[in-house]
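Have a look at the structure below, then the notes.
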Amino acid sequence: MSKRVAKIAKLQFPAGGARPGPGLAGVGIAMPQFCSAFNDATKDRAGDIVPVVITVYEDKTFDFVTKTTPASVVLKKTAKIEKGAHNAKTERVATITKEQLRTIAEYKMVDLNANDVEAAMRIIAGTARNMGIAIEGND
């Protein structure tokens with residue numbers, strides 16, 4: 001018989017840097033156990049923010065799935081900027097190339113609702129546009 005799901009929580013932690021605290025307190029799991037498992041699973045992604053989906057069962061056991069780093073974080077790192085534009089309609093803070101856009105789209109492909117890399121590139125380009133990041137060759 002399968003376990004009954006009590007809760008599903010979506011959180012973000014630095015890779016290898018999850019610690020017990022208020023973010024995990026409301027989830028209802030053994031925080032030290034989760035933190036050590038998460039940190040072991042993400043130690044090779046140092047410096048990234050890692051979204052995680054935690055499935056908590058009624059007997060307080062849990063499973064978790066890590067996702068790829070959010071597109072906005074990857075775009076900021078690629079464009080070498082601290083933050084996006086205050087007003088993306090009038091302000092451009094950086095420019096990335098089509099090749100960089102393709103690389104990001106290929107990385108994010110597993111978590112995106114896209115059938116091919118071209119569709120993933122359009123999704124990432126939209127995120128870049130909303131951050132005030134221009135793409136070479138696009139106007």
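Answer yes if at least one residue in region 64-74 is without any contact (Cβ under 8 Å) to a residue 40 or more places away in the chain and in a helix (DSSP H, G or I), and no otherwise. Walk me through how you get there before you give the answer.
Initial filter on region 64-74 (without any contact (Cβ under 8 Å) to a residue 40 or more places away in the chain): 64-66, 69, 73-74.
Now narrow it down to the ones that are in a helix (DSSP H, G or I): 73-74.
The answer is yes; a qualifying residue exists.
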**Message:** Against the condition polar (S, T, N, Q) and closer than 22 Å to ASP44 by Cβ, how does THR103 come out, does it pass?
**Reply:** yes
**Fill in**
Considering region 34-60, residues that are surrounded by 15 or more Cβ atoms within 10 Å (Cβ to Cβ) and out of contact with any strand residue (DSSP E or B) (no Cβ under 8 Å at 6 or more places or on another chain), and then whichever is nearest to SER72 (Cα to Cα), we arrive at ARG45
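How many residues are free of Cβ contacts under 8 Å to residues at least 40 places away in the same chain and either basic (Lys, Arg) or touching a Leu at 6+ places or on another chain (Cβ under 9 Å) (or both) if we restrict to region 102-122? Please lay out each step first, then the result.
We begin by selecting, within region 102-122, every residue free of Cβ contacts under 8 Å to residues at least 40 places away in the same chain; these are 102-107, 109, 112-122.
Those still in the list that are either basic (Lys, Arg) or touching a Leu at 6+ places or on another chain (Cβ under 9 Å) (or both) too: 102, 104-105, 119-122.
Going through region 102-122 one residue at a time, the tally reaches 7.
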**Request:** Identify the residue in region 1-33 that is over 24 Å from VAL73 (Cα atoms), not in a loop (DSSP other than H, G, I, E, B) and not aliphatic (A, V, I, L, M) and, among all such residues, is nearest to the chain's Cα centre (by Cα).
**Result:** LYS7
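Every number here is computed from the coordinates shown, using simple stated rules; none is lab data. Because the structure is a prediction, the values reported are computed rather than measured. Counting neighbours? That spans all protein chains shown, and the Cβs are built from the backbone with ideal geometry, glycine included.
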